[in-house]
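A short worksheet on the structure shown next.
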Amino acid sequence: MQEKVEAEHILSMNSVEVLYDNVMLAIKGVSVKVPKGEMIALLGSNGAGKSTSLKAISGLLKAERGRISRGEITFQGTDITEVLAQNRVGMGICHVIEGRRVFEHLTPDENLTAAAPRGMSRSALNAEKEKIYDYFPRLAERRNSQAGYLSGGEQQMLAIGRALVTQPKLLMLDEPSLGLAPFLVEEIFGILQKINQEEGVSVLLVEQNALAALEIVSQGYLIENGRVVMHGTAEALKSNSDIQEFYLGGGEETDFHNVKHYSRRKRWLS
Amino acid sequence: MDWVFLSELAINGALTGLLYSLFAIGLVLIYKASSVPNLAQGGLTMVGAYVVLALSHDAGLPLWLAIPLAAVIMFGLGFGIERVALRRLAGRPVVMILMLTLGLDIFLRGTTLAIWGGTSRSVDLGVSYEPLFLGDIFISRIHLVGAGVALALFVAFMLFFRTRTGIKLRAIADDYMASWSVGISVERGVGLSWALASVVAVAAGVIWGEVQGVDQALSLLLLKGLTVAVLGGLDSILGAVIAGIILGVVENVGADFLDPLVGGGSRELIVAAVLILTVMIRPHGLFGRHDIERV
């Protein structure tokens, strides 16, 4: 019975601790589960440990001299804690890193080619590209211009498209809404939702923009100071008064007295 | 003004310049994948020439077999250098890697000195020293052959960088982290660029070994190769070729004017001036990429 429950989670992260440079504890026992085919959000403020959690899952920690010092991560039932980042991509985990980071001097088309898995045939790659251009028609128009000159929204679309070429089963996105106009965030999130439904790709979304994220995910985790402080369905989180007050910009009173109240409550929360 | 003499200087200068491009292409290959100017490219070229000599003169293989075999050996050596030395330095400051390549150059020079001694030897390519006349203009045959090799490598690499593997190498040069994130093996890519640069080093070593003999002085040609690479823009293969021609012509024609005035030795001055002026006036060279800043 336990086995069956485990199998339904494409990813589970169990009390993972991450150390940077062997001294700095960035996350302190984070447990996150992603059910197969669902969209999950990690919410929280700057420096809470959301990005570190994603890097622990994708293995990119190593490039920043970080390592998992405790806990383990399993993907489709296999322990991947010690697997190299590039092999995790082969297993179906793709991480769209923060700040878009497209290959600026390549064209969008070449950006997609660069991400092709080893052994993918030319026709399969072309079919994959067409599918991505269908999701992001804006990219199709500019497929042969230089990627560094695309707009911020287009670069984010390209970063997502590039990740899709790797044939992910779990797509992880770090702050895709960062620096984008609200209508673009809506457009990109809508496309993500479509990809999730049509391709069956599970999605783990890191966002500061909780309002937008909670509209498309089924569950959310709230991370503060390297710990998960709250976990629930999107509906439950949206109606939680703390979340409303701190992350959704809600709350009724806004006078100075309540600003102090805010910082007191937040300390209690973590 | 003697126009025939001047065009002879210019044409032979251009041909010599294309021989410098042989160094520059090797430098560009490595710079494209790892953003490090490889100060060991001169050492690699020298080793390439010695390996060819060892296979042909010492082991008695014919040159048509010795040269491709040397290319294979050097291909392996290039991968080996990444595996043994560079991989540990991934993610460290560029200056560390730069110092490593400098150390590697000195190491290679010392090794060849210990194994083969310091006497200059010739490759004996069998290219005739008979002058070739184009109208009234005298052209060196070996320079012509070398220039042809440089142009052939240029075309080959231009095509290579359009293949999937070539695109992945360019992606690595753009962004290591993003490359890792989509499963590109950065380590293997950097290794491949070193391996290819080492193969180019065999070509450069054979041609230059024929022009000036095989000894440790071969590695000093790095300075001219580096000047060409910087002038062309460190990451542009096309730049390496065009800048090679420019530097060769300027050096040959300029030296002819300046040498009588300063009493010789102005070639080095011209090369140094080109290097310094390029860095001061146009740091990214003629065809090098700018870092993109969107407005």
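Bear in mind these aren't lab numbers, they're just calculated from the coordinates by the rules spelled out. Quick caveat, the model's predicted, so the values are computed rather than measured. Cβ coordinates were reconstructed from backbone atoms using ideal geometry, including for glycine residues, and neighbour counts include every protein chain displayed.
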Is the C-alpha gyration tensor of region A:1-123 telling us rounded, prolate or oblate? Criteria: a/c under 1.5 is rounded; beyond that, a/b larger than b/c is prolate, otherwise oblate.
oblate
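Would region B:176-295 count as rounded, prolate or oblate if I go by the C-alpha gyration tensor, calling it rounded below 1.5 in a/c and otherwise prolate when a/b exceeds b/c, oblate otherwise? Could you put the intermediate results ahead of the total?
Numbers: a/c = 3.27, a/b = 1.48, b/c = 2.20.
Note, shape of region B:176-295 comes out oblate.
Taking neighbour Cβ counts within 10 Å as the exposure measure, how do A:F103, B:F138, A:F75 sort from fewest upward?
Numbers: A:F103 30, B:F138 14, A:F75 22.
Taking fewest neighbouring Cβ atoms as first place, the list is B:F138, A:F75, A:F103.
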Under the definition of partner shielding as Cβ atoms of other protein chains within 10 Å of a residue Cβ, what is the mean value for peptide B:151-164?
1
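On average, how many beta carbons from a partner chain sit within 10 Å of the beta carbon of a residue in B:166-174? Please report the intermediate quantities before stating the final value.
Details: counts 3, 11, 7, 1, 5, 10, 2, 3, 10.
Partner Cβ neighbours, averaged per residue: 6.
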Just to confirm the number: angle between the C-alpha axis of helix A:182-199 and the first principal axis of chain A, 0 to 90 degrees, nearest 10?
70
Residue by residue through B:63-73, how many Cβ atoms from other chains fall within 10 Å of the Cβ on average?
0
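Go ahead and estimate [θ] at 222 nm for the protein assembly as shown from helices alone: -39,500 (n - 2.57) per DSSP H run with n ≥ 4, summed, over the residue count, rounded to 500.
That calculation yields -18000 deg cm²/dmol at 222 nm.
From the Cα trace of region B:1-99, what convex hull volume per residue do you get, rounded to a whole Å³? Provide the component values of the computation, followed by the final result.
On the way: hull volume 14.3 nm³, N = 99.
Enclosed volume per residue, from the Cα hull, is 145 Å³.
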Output wanted: per-residue J couplings in Hz (rounded whole) for region B:52-65, from phi through Karplus 6.51 cos²θ - 1.76 cosθ + 1.60, θ = phi - 60°, x for Gly and Pro.
4, 4, 4, 6, 8, 7, 7, 8, x, 6, x, 4, 5, 9
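For B:F160 and B:A217, compute 0.36 nm times the residue count separating them, minus their Cα-Cα distance, and round to one decimal in nm. Let's see the in-between values first.
Numbers: separation 57, 0.36 × 57 = 20.52 nm, distance 3.13 nm.
The span from B:F160 to B:A217 would gain 17.4 nm if fully extended.
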Of B:Y31, B:L231, B:V202, farthest towards positive along the dipole that unit charges on Lys, Arg, Asp, Glu beta carbons give chain B
B:Y31
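About the Cα centre of the protein assembly as shown, how large is the charge dipole given +1 on each Lys and Arg Cβ and -1 on each Asp and Glu Cβ? Please answer in debye to the nearest 20.
Details: 48 positive and 54 negative charges, 213 e Å.
Using Cβ point charges on Lys, Arg, Asp and Glu, the protein assembly as shown gives about 1020 debye.
Need one word for chain B: rounded, prolate or oblate. Basis is the Cα gyration tensor (sqrt eigenvalues a ≥ b ≥ c); a/c below 1.5 gives rounded, then a/b vs b/c decides.
Working: a/c = 1.76, a/b = 1.24, b/c = 1.41.
Judged from the Cα gyration tensor, chain B comes out oblate (a/c at least 1.5, b/c at or above a/b).
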B:V72 and B:L6 label points (each 7 Å along its Cα→Cβ direction) are spaced in nm at 5.1
Counting only DSSP beta bridges fully inside the protein assembly as shown, the antiparallel percentage to nearest 5 is 60
If R0 is 56 Å, what FRET efficiency do you get for B:A54 and A:R227 from their C-beta distance, rounded to 0.05?
0.35
Could you calculate, for the protein assembly as shown, the ratio of the Cα radius of gyration to the Kirkwood radius, expressed as Rg to Rh?
1.09
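Multiply the residue separation of A:K131 and A:E186 by 0.36 nm, subtract the distance between their alpha-carbon atoms, and state the gained length in nm to one decimal. Don't skip to the answer; put the middle values down first.
On the way: separation 55, 0.36 × 55 = 19.80 nm, distance 2.05 nm.
Extending this stretch completely gives an extra 17.8 nm.
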Relative to chain A, whose Cα atoms define the longest principal axis, helix A:152-165 and its Cα axis are tilted in degrees, nearest 10, by 70
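Rounded to a whole number of µm²/s, how large is the Stokes-Einstein D of chain A at 25 °C and 0.890 mPa s, given Rh as the Kirkwood radius over C-alpha pairs? Could you put the intermediate results ahead of the total?
Details: Rh = 19.4 Å.
Result for D is 127 µm²/s.
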HN-Hα J in Hz across region A:233-240 - Karplus 6.51, -1.76, 1.60, θ = phi - 60°, x for Gly and Pro
6, 4, 4, 4, 5, 4, 8, 5
Nearest-20 debye value, region A:13-85 charge dipole, Cβ charges on Lys, Arg, Asp, Glu:
120
Identify the GluC sites (Glu not before Pro) of region A:42-145 meeting these criteria: DSSP loop state and at most 15 other C-beta atoms within 10 Å of the C-beta.
A:E82
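In debye, nearest 20, what is the charge dipole magnitude of region B:107-192 about its Cα centre with +1 on Lys and Arg Cβ and -1 on Asp and Glu Cβ, if you could check?
On the way: 8 positive and 6 negative charges, 60 e Å.
Dipole magnitude for region B:107-192 comes out near 280 debye.
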